[in-house]
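The values are calculated or read from the model by the stated rules, or taken from the named source; none is laboratory data. Computed from a predicted structure; not experimentally measured. Cβ coordinates were reconstructed from backbone atoms using ideal geometry, including for glycine residues, and neighbour counts include every protein chain displayed.
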């Protein structure tokens, strides 16, 4: 009996085939869910606004640039994200500590002067596939290219141009050279900009001298700008005055011409009358002239001081009146006038 009871207890504790199958099903389900999760997490990837993706299928790269969610074949395709934002590096100084790097900054100019020049180079990825696979370290290559062209360009300018007036031209020349070499090497990077951050002599005494020169040049530019401003303000006013004077002169000229033409016409008319009646014309001209010369003068005729009491009234000639009435004037007997002209 005891052996039989032990056998039944052992039989109850031993799992049967149904229990084993149930456990295996649960394990299989969990494994399937886990596998689906792993596959699903490796089947999708997301591209940001400033990113591009390089997808390789059995080692063959392809570029995907559209932002958003994308699908790839798990374990077969690999995705490498590439940042396409603008980045930069320095030449001649350390960006973190702002300390000059002598090996990069110290250069020699065409007039055999030493100068410290600092540059900042901006670049971005133009071709993600070539940026990843065309070279091992494309940024290092770009920096070496930049340093080479910086030194060759600085050596072609004198120290005054490098420190003061030629910075823009130097930047433009260096930029063109770097762009041309990047196109030739085709490493997947694009130069955005290169700027001179600072340019100064290596000694303090020379630095102060160049600062004084720069200050003088700025003052010169200020004076020239002020002079140009004054010229631009004064020149229109002077031109307006000159135009006004010219118009007034033209008006006076025309008035003189009209007056002269009127006098000529009046003289011609008078001459025609003179030809017809010379004596009468002479008398009329004499009277008109006396009226113009002596408009308000009284004429007193007498042989001596005592004769001043004898006044010949000339009121009708002068326009004067006595008590509002014209003073009667005796009519003198006209003397005959002998003309010496040939009738």
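The set of residues in segment 196-227 being within 18 Å of residue 116 (Cβ to Cβ) and out of contact with any helix residue (DSSP H, G or I) (no Cβ under 6 Å at 6 or more places or on another chain) consists of 197, 198, 202, 203, 204, 205, 206, 207, 208, 209, 211, 213.
Given (1) surrounded by 13 or more Cβ atoms within 10 Å (Cβ to Cβ); (2) part of a helix (DSSP H, G or I); (3) modelled with pLDDT under 95, where does residue 168 come up short, assuming only one miss? So residue 168 meets the others, but not (1).
Of the numbered criteria (1) in a helix (DSSP H, G or I); (2) closer than 20 Å to residue 186 by Cβ; (3) within 29 Å of the chain's Cα centre (by Cα), the one residue 162 fails is (2).
Before we move on, is residue 217 surrounded by 10 or more Cβ atoms within 10 Å (Cβ to Cβ), in contact (Cβ under 8 Å) with a residue 40 or more places away in the chain and not assigned by TED's automatic domain parsing to the domain that holds residue 112? For residue 217, the condition - surrounded by 10 or more Cβ atoms within 10 Å (Cβ to Cβ), in contact (Cβ under 8 Å) with a residue 40 or more places away in the chain and not assigned by TED's automatic domain parsing to the domain that holds residue 112 - is met. Residue 70 satisfies every condition listed in (1) under 47 Å from the mean Cα position of the chain (by Cα); (2) surrounded by fewer than 14 Cβ atoms within 10 Å (Cβ to Cβ) except (2).
Within segment 123-146, being in contact (Cβ under 8 Å) with a residue 12 or more places away in the chain, closer than 23 Å to residue 106 by Cα and surrounded by fewer than 17 Cβ atoms within 10 Å (Cβ to Cβ) holds for one residue alone: 139.
When you scan segment 87-94, do you find a residue that is touching a helix residue (DSSP H, G or I) at 6+ places or on another chain (Cβ under 8 Å), farther than 30 Å from residue 48 by Cβ and surrounded by 15 or more Cβ atoms within 10 Å (Cβ to Cβ), even just one? Yes, that holds for at least one residue.
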